[in-house]
Amino acid sequence: MGMGILLKRNEDIQPRMDKEELKEQMIKKEENGCNIYRSKSTPLDDRNTTRYGSDTYTLYEIFQNGKKKGGDYLGYRKNGEGPYIFYTYEEIALKMTYIGSGYIKMFGLKSPTPEQQGQDGVEPLIGIMMKNCPEWLMILWANICYSFATVPVYETFCQKAARYILNITELSILNTKLEYLKQITETITCTGEEDLTDNDKDPNEPLSLKTKNLKYIVLCDQDLPYKEGTFDIDYEKLPETGKLKNIKHFYKTLIDLGIEIVSLRKVEEAGKNDQKPHVPPVPETLYMICFTSGTTGNPKGALLTHKNFTTNSCSAANDLIPPFFELSNKDCHISYLPLSHTLEQIVCFVITYLGCRIGFYSGNVMNIVDDIAVLQPSIFITVPRLLTRVYAAIKSAVEKSSNISQTLFNFAYQRKLKLLKSGYCHNQTVWDKLVFSKVQNKFGGNLRAIIVGSAPLDEEIITFLRVTLGCFVLEGYGATETCAVATLSIWNDYLYPYGSHVGVPLSCNELRIDPIPETEFVPNEKTDCEYGEICFRSRTIMKGYFKNPEETKKCIDENGWFHTGDIGKILPNRTVQIIGRKKFIFKLAQGEYVSPEHIENVYCMSTLVAQCCVVGHTYASCLVGIVIPDFEELRKKLKRKSLDSLESLVDEESKSKVSLSTSLLNVSDLTDKEICEIEKVKNIILDDIRAIGKEENLKGFEQVKDIALIADEFTNENGLLTPSDKNCRPAIKNVYKDLYNDLFNKLGQNTKGNIL
């Protein structure tokens, strides 16, 4: 990057929005006594504005639009190493036809007739259970070509939830990979935990299927062993190393249960030899049954049509990409958020529509930085947890550098921060060249936009990343039922006069805030009816829940408004701020209402906190919490405070409690679990989160009175996180109920009731 570029005028790099435009970011009108909010790009007299392209009404047409532009499309790294290898749009177009034709040839599927298109229950259902990879999208596009509907089965779902999905949808075909055969076998042969613990069962008793319709498993691995001259899987040569240990046993078990296992290559070859004409969908054709990753009960299947997804995709393409932000086939998105989630699908459709490229991560999130460095993506969709780690890693690297380097970094940061506040966000300053390029190159050196979803992200972290990475960082909000993206922050809104927010509705959406009776989220002089449950009306709203009319009626009213169950408010600059889930709001003994998710989001702003879960109790007047520390940051803080010596942290009682050897001299010698048992460490974290809570204007009753530290993370695998990486509160409360009750007892609170 030469000095000529570095000295280029900011206004020649990107336009600056007038700050007056940011003071009121939504337009408002009244309808039946309620305020209805819309994007400024949506005419007030057209509540169903969609932003379709002139010839783009279904996802089938989205692909055709991308194909016209040509070039590379789907990329992967063979065995997670080396450069990215890409399939072109033309190659994927052929594979779509071959795979779809193969499903018809081998499994007898029938596409809907023209008269049936858009009717309920006429589309054949095809399941997918695997991590993001080119085959995932190949199968998805094949289904679209022939008006089949896709059913994602989260690989992180528990057996009960996965079995429920297989049964209620009556899936006969499941596309997967070898690594999931064990999970599938256990899911379809085990009725629940009682089967795993029943010691009276005869171990020689043959397994029986607990699913009704599964007949075919299609293996999509790229390196399957085949019998000579065919694409028939060679059972004897199946690898049994690493995560494929005992894979032959599970493969044979499934065969013995009457399930046919074939390779995707065989399906593709069958279709290639008997190609069928496409049966393109219409807007009302069912595209997907996407099951929500709820925290209670069975998952609910959202019925999503081509109209839903195409409306959302086209609106997102218009709202996300600013006029000066030209994208071409040189631009690339790295796909790592699960394709089972609607957010990742929407982004892939936008990328496809624009004729850009998609590169898939290698399957291990811990190695994603290496994938990014090789792929050099320009667009990165992620979640707050990863960006929080990136933020901490950059800060840590700066702290470890020399005094001169720290001084230079801080000076450069302040210069770019001033530039950001003046309305410019880019990586073409001298400070990027001299200071921030090393960080930017870790992310491929080509990042132009980061989009964050799933949960709120601290505005301090967003600002830090905009400065150091020199790219746009946008926050979005939505739900499965709204086709993922419902609101999105404006690309050049870099100021947070009223705290963090998730922007404004997409141009296809309308937003309303409903008061919640018998809580503090009701109309009053201060909130003016703008504080309550977030509702949306749009062509993106699902048709309903699969075979669940009762739940459908609960969330979609007679006027077409979808009630999200999320609490939010309209800020003075007419942006939307998320508070928490309506169903998790509870009342303290003295009558105040509390939203624990809001408190958790505030506490997670602490660099010392990795995760936390705040609870109340039926008869308690205060809150307590469990905190999983960020142990790397915690150890550094203790060292900075000269508290890394055990003598300065641990009294004799604590030493005996944690079984510390007197030969241990430093915190670095302790395990994470031992650190969690030190009272002074707990108090350091408690003081820190309460200070942050005060800064973020938490009320006194919203602050926790005590916490317990634990070393084990909440994960998808242990059931304490949902597939969308939110706290699974019922499971956490059940696992740690004794710990929570101990905290309440120490505070002299009544624990006869239930943890809230």
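The values are calculated or read from the model by the stated rules, or taken from the named source; none is laboratory data. Please read these numbers as outputs of a predicted model, since none were measured by experiment. Every residue, glycine among them, receives a Cβ derived from its backbone with ideal geometry; neighbour counts consider all protein chains shown.
Return the residues of region 691-707 that are surrounded by fewer than 18 Cβ atoms within 10 Å (Cβ to Cβ) and either farther than 13 Å from T607 by Cα or not assigned by TED's automatic domain parsing to the domain that holds V602 (or both); say none if nothing qualifies. Write out each step before concluding.
Step one: list which residues in region 691-707 are surrounded by fewer than 18 Cβ atoms within 10 Å (Cβ to Cβ), which gives 691, 694-697, 699-701, 706.
Listed by number, the residues that qualify are K694, E695, E696, N697, K699, G700, F701, D706.
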Those strands (runs of 3 or more DSSP E) completely within region 1-114 that have 1 or more residues that are crowded, with 17+ Cβ neighbours inside 10 Å and either among the basic types (K, R) or modelled with pLDDT under 95 (or both) are 26-31, 34-39
With the structure loaded, tell me whether V435 is surrounded by 18 or more Cβ atoms within 10 Å (Cβ to Cβ), under 29 Å from E20 (Cβ atoms), modelled with pLDDT of 90 or more and aliphatic (A, V, I, L, M) or whether it fails that test. no
Can you run down the residue pairs with Cβ atoms below 8 Å, 6 or more apart or on separate chains, where the first is in region 265-290 and within 30 Å of E228 (Cα to Cα) and the partner is among the acidic types (D, E)? K266/D232
In this structure, does N601 turn out to be surrounded by fewer than 19 Cβ atoms within 10 Å (Cβ to Cβ), in contact (Cβ under 8 Å) with a residue 12 or more places away in the chain and among the polar types (S, T, N, Q)? no
Residue under evaluation K639, criteria (1) surrounded by fewer than 23 Cβ atoms within 10 Å (Cβ to Cβ); (2) closer than 18 Å to K694 by Cα, criterion not met: (2)
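Filter region 302-345 down to residues that are within 30 Å of I165 (Cβ to Cβ) and either assigned to a helix (DSSP H, G or I) or of a type in the set (K, R) (or both), then give me how many there are.
Residues of region 302-345 within 30 Å of I165 (Cβ to Cβ): 302-316, 333-345.
Okay, now just the ones that are also either assigned to a helix (DSSP H, G or I) or of a type in the set (K, R) (or both), so 306-316, 342-345.
Result for region 302-345: 15.
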Just to be sure, is L457 part of a loop (DSSP other than H, G, I, E, B) and at pLDDT below 90? yes
Can you tell me which residue is nearest to I599 (Cα to Cα) among those in region 675-712 that are touching a residue at least 60 places away in the same chain (Cβ under 8 Å) and basic (K, R)? K699
Check G478 against each of (1) modelled with pLDDT of 90 or more; (2) over 21 Å from the mean Cα position of the chain (by Cα) and name the one condition it does not meet. (2)
Among residues belonging to region 220-271 that are surrounded by 15 or more Cβ atoms within 10 Å (Cβ to Cβ) and small (G, A, S), point out the one that is nearest to L181 (Cα to Cα). S263
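Let me confirm something: among L739, L686, which residue is assigned by TED's automatic domain parsing to the domain that holds V627, within 22 Å of A589 (Cα to Cα) and in contact with a strand residue (DSSP E or B) (Cβ under 7 Å, 6 or more places away or on another chain)? Give the derivation first.
Working: L686 fails: within 22 Å of A589 (Cα to Cα).
The conditions single out L739.
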What pairs come out if I take residues in region 714-732 that are within 20 Å of V624 (Cβ to Cβ) and without any contact (Cβ under 8 Å) to a residue 60 or more places away in the chain and pair them with residues that are of a type outside the set (D, E, K, R) and in a loop (DSSP other than H, G, I, E, B) whose C-beta lies under 7 Å away, six or more apart or interchain? L720/F714; L720/C728
Among the residues of region 402-432, write down those that are touching a Gly at 6+ places or on another chain (Cβ under 6 Å) and surrounded by 21 or more Cβ atoms within 10 Å (Cβ to Cβ). N427, D432
Can K438 be described as under 28 Å from the mean Cα position of the chain (by Cα) and either farther than 20 Å from D458 by Cα or touching a residue at least 12 places away in the same chain (Cβ under 8 Å) (or both)? yes
Residues located in region 285-331, provided they are more than 21 Å from the chain's Cα centre (by Cα), of a type in the set (A, V, I, L, M) and buried (at least 22 other Cβ atoms within 10 Å of the Cβ): L286
Of the residues that make up region 670-685, is at least one closer than 27 Å to E459 by Cβ, under 37 Å from the mean Cα position of the chain (by Cα) and at pLDDT 70 or above? yes
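Limited to region 321-348, what total is found for residues that are closer than 20 Å to S489 by Cβ, in contact with a Leu (Cβ under 7 Å, 6 or more places away or on another chain) and modelled with pLDDT of 90 or more?
Within region 321-348, the first condition is being closer than 20 Å to S489 by Cβ, and the residues that meet it are 321-325, 327, 333, 337, 341-344, 346-347.
Now drop any that are not in contact with a Leu (Cβ under 7 Å, 6 or more places away or on another chain), which leaves 321, 327, 337, 343-344.
Keeping just the survivors that are modelled with pLDDT of 90 or more gives 337, 343-344.
Number satisfying all stated conditions: 3.
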